[in-house]
Amino acid sequence: MANYPDRPGYSFAPGPPPEASRFLRNKGLRPAFSFADVEPEEHAVAYTVAKAMELDVLEAIKAEVQKAIDEGLPLAMFQKNFRANPALAQWWGKREMVDPVTGEVVLAQLGSPRRLKTIYNANLAAARAAGQWERIQRTKDMLPYLEYRLGASEHHRKHHADKEGLILPVDDPFWDDWMPRNGWGCNCWVRQITRREAERRGISARPKVRDTVVTNTRTGAVRIVPEGIDPAWARNPGKMRLENIETVLAEKVGLLDHAAAQTATRDFLQSYHFSRFFEQGYEARLPVAVLGDGFSKAIGAASDIAMLDARTVRKLHAKHPEVTAEAFAALPEMISQGTVQKQDATHLRILSRDPLPWVAVFEVLAEGEFLKLTTFFRFGKTRWAERMRSDFEVLRK
């Protein structure tokens with residue numbers, strides 16, 4: 001896999017690794033009745049909590065987990081903040097709910113101290129593992145090997161214990177599945193080491209891992225999982241996210257499903273690649289937005305994927321100095337929550353929710369085959385007052 005680092009940031013200030021924070025922040029929302037209703041590939045790009053079926057509840061839970069990651073909060077503080085959040089007041093205890101798979105009414109467990117501990121541990125572990133994988137890719141030229149290590153658990157799974165001390169190259173396919181964590185409650189981890197240390201201690205032969213066929217009893221999906229890994233943890237989420245950025249850079253984002261495409265563009269807009277593209281304006285045409293909700297069809301576009309080209313970048317530099325590469329990080333939220341207006345048959349305008357909003361204009365070209373971001377800027381007071389009087393068709397307020 002190509003080495004796609006994010007912009008290295010060096011600081012002596014305390015705080016969470018930015019890669020781990022970004023991993024969760026850029027996920028979309030995926031309501032689900034059961035954790036098993038969501039496949040591992042979906043977990044890498046969408047946030048899910050079992051029995052959190054309402055989007056506002058799921059968004060509030062995600063916000064509390066994000067705060068715990070960003071501020072380095074311990075479990076007790078996360079639980080306290082969760083219980084004090086008015087948006088989550090009703091998501092507690094047990095409630096009768098209809099299982100959408102079986103149609104049966106069941107007494108479902110919502111929030112509880114035990115569930116909050118699971119939510120906290122699972123999300124922080126996944127975010128930290130994905131962030132670590134991104135840093136591993138950034139530093140693999142100097143530290144090209146990984147060592148599998150056991151965590152501080154009292155009892156270890158046999159298949160995990162068998163791999164203690166295993167040393168393999170960073171890009172060995174073994175890590176596609178066995179990048180920890182590898183199951184619920186798993187505390188295994190990896191240590192990145194130099195070639196000299198790996199050769200001194202002995203590079204391992206790739207272990208022969210038996211596969212097991214697992215049937216999801218809720219969805220009926222059948223998948224092959226390495227023996228010893230819980231099915232929900234059977235993929236390396238950090239690698240999947242980096243591979244999705246590669247897909248964006250190859251302008252093949254249409255090969256991803258909608259949720260993966262949205263997350264990939266969020267990741268890309270906050271990456272070093274986008275900063276370099278925007279600052280240098282080199283010749284390229286790259287995906288920067290996934291519209292969805294039928295908005296692209298309103299102007300006759302065949303695709304929801306909007307591209308940004310070097311010509312538009314140069315125009316933004318000349319006419320809108322307030323626009324920086326960092327400003328584009330707000331574009332996905334504008335698309336998901338902002339006001340959407342149809343300017344005319346070929347132009348769509350999306351405004352952020354700020355008092356003086358940012359605005360993005362999309363144009364469909366080539367008889368619907370190409371959707372392009374034509375401009376992106378922030379309104380000033382005078383211009384905003386004038387535009388407020390426009391009679392554009394409102395598609396979403």
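Couple of notes before you dig in:
- Glu363 loosely packed, with under 15 Cβ neighbours inside 10 Å and either touching a strand residue (DSSP E or B) at 6+ places or on another chain (Cβ under 6 Å) or within 22 Å of Asp309 (Cβ to Cβ) (or both): no
- All positions within the stretch 334-382 that are part of a loop (DSSP other than H, G, I, E, B) and not small (Gly, Ala, Ser): Thr346, Arg353, Asp354, Pro355, Leu356, Pro357, Glu367, Glu369, Phe379
- Any hit, the stretch 93-103, residues being in contact with a helix residue (DSSP H, G or I) (Cβ under 9 Å, 6 or more places away or on another chain), modelled with pLDDT under 95 and either of a type in the set (Phe, Trp, Tyr) or not in a helix (DSSP H, G or I) (or both): yes
- Exactly one residue among Arg311, Arg349 is at negative phi, at pLDDT 90 or above and buried (at least 17 other Cβ atoms within 10 Å of the Cβ), and that residue is Arg349.
- Number of positions in the stretch 146-188 that are in contact (Cβ under 8 Å) with a residue 40 or more places away in the chain and either closer than 19 Å to Pro40 by Cβ or assigned to a loop (DSSP other than H, G, I, E, B) (or both): 20
- Boolean, Asp293 is of a type in the set (D, E, K, R), modelled with pLDDT under 95, crowded, with 20+ Cβ neighbours inside 10 Å and assigned by TED's automatic domain parsing to the domain that holds Phe370: no
- For the stretch 219-242, a residue qualifies if it is crowded, with 17+ Cβ neighbours inside 10 Å and assigned to a loop (DSSP other than H, G, I, E, B), and the qualifying residues are Gly228, Ile229, Ala234, Arg235, Asn236.
- Qualifying position, being within 29 Å of Asn236 (Cβ to Cβ), in the same structural domain as Asp177 (by TED's automatic domain parsing) and in contact (Cβ under 8 Å) with a residue 60 or more places away in the chain, among Ala50, Ala68, Ala36: Ala36
- Annotation: Leu143 fulfils all but one of (1) over 26 Å from Phe268 (Cα atoms); (2) of a type outside the set (Ser, Thr, Tyr); (3) outside any helix (DSSP H, G or I); the unmet one is (1).
- Selected residue (criterion: nearest to Asp172 (Cα to Cα)) from residues of the stretch 190-214 that are surrounded by 11 or more Cβ atoms within 10 Å (Cβ to Cβ) and modelled with pLDDT under 95: Arg206
- Residue match in the stretch 71-79 (condition: touching a Gly at 6+ places or on another chain (Cβ under 9 Å), surrounded by fewer than 16 Cβ atoms within 10 Å (Cβ to Cβ) and modelled with pLDDT under 95): yes
The values are calculated or read from the model by the stated rules, or taken from the named source; none is laboratory data. Note that the structure is predicted; figures quoted are calculated from it, not measured. Glycine gets a Cβ as well: all are built from the backbone with ideal geometry, and neighbour counts include every protein chain shown.
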